[in-house]
Amino acid sequence: MNFIDGGGWLARKRDMERLVDDCHYFVNLQNLDMLEAIVLQHAPSSYRRR
């Protein structure tokens, strides 16, 4: 999972393309609400609170 937090990536377009191509999840401030669901889907149950 990778997190992009600002417009500075617009100037580094090729780096951003590689980042997106090489990860399963790409999260930014607009879709940060997806983070919990992603973690719950992939984290072992032993890491979750009961």
* Asked: Quick one: is residue 1 touching a His at 6+ places or on another chain (Cβ under 9 Å) and either hydrophobic (A, V, I, L, M, F, W, C) or at positive phi (or both)?
  -> yes
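State whether one or more residues within the range 18-27 are in contact with a helix residue (DSSP H, G or I) (Cβ under 7 Å, 6 or more places away or on another chain) and either hydroxyl-bearing (Ser, Thr, Tyr) or without any contact (Cβ under 8 Å) to a residue 12 or more places away in the chain (or both).
Of the range 18-27, the ones in contact with a helix residue (DSSP H, G or I) (Cβ under 7 Å, 6 or more places away or on another chain) are 25-27.
Those left that are additionally either hydroxyl-bearing (Ser, Thr, Tyr) or without any contact (Cβ under 8 Å) to a residue 12 or more places away in the chain (or both): 25.
Yes: one or more hits.
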* To do: Keeping to the range 36-50, report how many residues are part of a helix (DSSP H, G or I), without any contact (Cβ under 8 Å) to a residue 12 or more places away in the chain and surrounded by 10 or more Cβ atoms within 10 Å (Cβ to Cβ).
  => 3
* Asked: Could you list, in sequence order, the residues of the range 1-16 that are modelled with pLDDT under 85 and surrounded by 11 or more Cβ atoms within 10 Å (Cβ to Cβ)?
  -> 1, 2, 3, 4, 9, 16
* To do: Return the residue satisfying two criteria in turn: it lies in the range 19-34 and is over 13 Å from residue 4 (Cβ atoms) and either among the aromatic types (Phe, Trp, Tyr) or modelled with pLDDT of 90 or more (or both), and of such residues it is surrounded by the most Cβ atoms within 10 Å (Cβ to Cβ).
  => 34
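Is it the case that residue 15 is without any contact (Cβ under 8 Å) to a residue 12 or more places away in the chain and within 14 Å of the chain's Cα centre (by Cα)? Give the steps one after another, and end with the answer.
Working: without any contact (Cβ under 8 Å) to a residue 12 or more places away in the chain: yes; within 14 Å of the chain's Cα centre (by Cα): no.
Criteria not met by residue 15.
The values are calculated or read from the model by the stated rules, or taken from the named source; none is laboratory data. Just so it is clear, the structure is predicted and the values come from calculations on it, not from any experiment. Because the Cβ atoms are built from the backbone with ideal geometry, glycine has one as well, and the counts that use them run over all protein chains shown.
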